[in-house]
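As structure tokens, the structure follows; a few thoughts come after it.
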Amino acid sequence: MSDAVHPHDAHGHGHDDHHEEGSHGSFGSYMIGFGLSVILTAIPFWLVMTGALGDPKLTGFVIIAFAAVQVIVHMIYFLHMNTRVEGGWSFMAMALTLVLVVIVLAGSTWVMYHMNNNMMPHADMDMTGEMNAGHDMNAMANMSEMP
């Protein structure tokens with residue numbers, strides 16, 4: 001059929017050349033993103049498999065840092081998030097989302113840490129909540145000796 005019968009732009013379904021700068025990635029930018037993603041995955045994997053840092057807590061913090069960098073790489077190279085797209089509104093929405101996620105995760109971690117410290121039984125109590133049974137038995141034995 002010809003364009004006269006079914007024009008491509010009659011209902012906004014056609015391809016126009018008014019795409020915003022940076023709204024779509026090129027093959028090269030996708031390959032850069034892929035390469036960075038592979039590197040940012042391989043290094044933490046190597047750190048865990050070899051135990052190169054020696055300290056599990058330090059290794060965990062390094063893995064979290066690599067994960068945060070990888071999230072940023074994915075947002076830039078694959079989701080094309082930047083300040084130019086949609087007048088910066090998508091970037092501002094992402095920033096607000098990240099702030100809320102950090103607040104929720106930090107608050108949840110804080111609450112769980114304090115619940116663990118304040119609600120767990122103490123070392124001198126057994127799991128039933130009773131005091132040290134040996135101490136109580138000695139007290140009862142001493143009471144039977146009393147006149």
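The values are calculated or read from the model by the stated rules, or taken from the named source; none is laboratory data. Note that the structure is predicted; figures quoted are calculated from it, not measured. Glycine gets a Cβ as well: all are built from the backbone with ideal geometry, and neighbour counts include every protein chain shown.
Listed by first and then second residue, the pairs with beta-carbon distance under 9 Å, at least 6 apart or on different chains, first residue in segment 43-64 and under 27 Å from Val102 (Cα atoms), second of a type in the set (Gly, Ala, Ser) and part of a loop (DSSP other than H, G, I, E, B), are Thr59/Gly51; Thr59/Ala52. Checked against (1) in contact with a Gly (Cβ under 7 Å, 6 or more places away or on another chain); (2) modelled with pLDDT under 85, Tyr77 meets all criteria but (2).
Is one or more of the residues making up segment 131-146 assigned to a loop (DSSP other than H, G, I, E, B), modelled with pLDDT under 90 and surrounded by fewer than 12 Cβ atoms within 10 Å (Cβ to Cβ)? Explain how you work it out, then say what you get.
Step one: list which residues in segment 131-146 are assigned to a loop (DSSP other than H, G, I, E, B), which gives 132, 145-146.
Going one step further and asking which of them are modelled with pLDDT under 90, we end up with 132, 145-146.
Now restrict to residues that are surrounded by fewer than 12 Cβ atoms within 10 Å (Cβ to Cβ): 145-146.
Taking every residue of segment 131-146 in turn, at least one turns out to be assigned to a loop (DSSP other than H, G, I, E, B), modelled with pLDDT under 90 and surrounded by fewer than 12 Cβ atoms within 10 Å (Cβ to Cβ).
Taking the listed residues Leu40, Leu53, Leu47, the one that is out of contact with any strand residue (DSSP E or B) (no Cβ under 8 Å at 6 or more places or on another chain), assigned by TED's automatic domain parsing to the domain that holds Tyr30, modelled with pLDDT of 90 or more and not in a helix (DSSP H, G or I) is Leu53, with no other qualifying.
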